[in-house]
Amino acid sequence: MSTISIGWATRPAMYKIPSEYVAKKYNLSVGEEYKVYVHGIFQVKDVDGAEVYFICEFEDGRCCYADPQYIRFIDGGPEACE
């Protein structure tokens, strides 16, 4: 297994909480959107392929990894899949 981390200029985004697991871990509500700051991309690669996650920070300073499909950038720049 290998990993790659790519940093970039921090961008504000909304993170939609995808599951009960994430909701419980961060004491948030499933399906609600919370403002985060995206600091970079983290990629995990193994024999089954690669998975990509954003490295995010909540406004209160807690950090998490987020699947790009649950991130909506709010700064007017390009979206994750562009």
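The values are calculated or read from the model by the stated rules, or taken from the named source; none is laboratory data. Remember, predicted model here, so these are calculated numbers, not experimental data. Cβ atoms come from the backbone with ideal geometry, glycine included; neighbour counts cover every protein chain shown.
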Notebook entry, point to check: Taking into account only those residues within region 26-51 that are at pLDDT 95 or above, out of contact with any helix residue (DSSP H, G or I) (no Cβ under 8 Å at 6 or more places or on another chain) and not in a strand (DSSP E or B), which is surrounded by the fewest Cβ atoms within 10 Å (Cβ to Cβ)?
Noted result: 27
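Per-residue answers, yes or no, for (1) within 20 Å of residue 73 (Cβ to Cβ); (2) of a type in the set (Val, Ile, Thr); (3) touching a Leu at 6+ places or on another chain (Cβ under 8 Å):
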| site | (1), (2), (3) |
| --- | --- |
| 10 | yes, yes, no |
| 23 | no, no, no |
| 30 | no, yes, no |
| 41 | yes, yes, no |
| 45 | no, no, no |
| 57 | yes, no, no |
| 61 | no, no, no |
Next item on the list: List the number of the failed condition for residue 72; all other conditions in (1) closer than 21 Å to residue 11 by Cα; (2) touching a residue at least 24 places away in the same chain (Cβ under 8 Å); (3) surrounded by 15 or more Cβ atoms within 10 Å (Cβ to Cβ) hold.
Entry: (3)
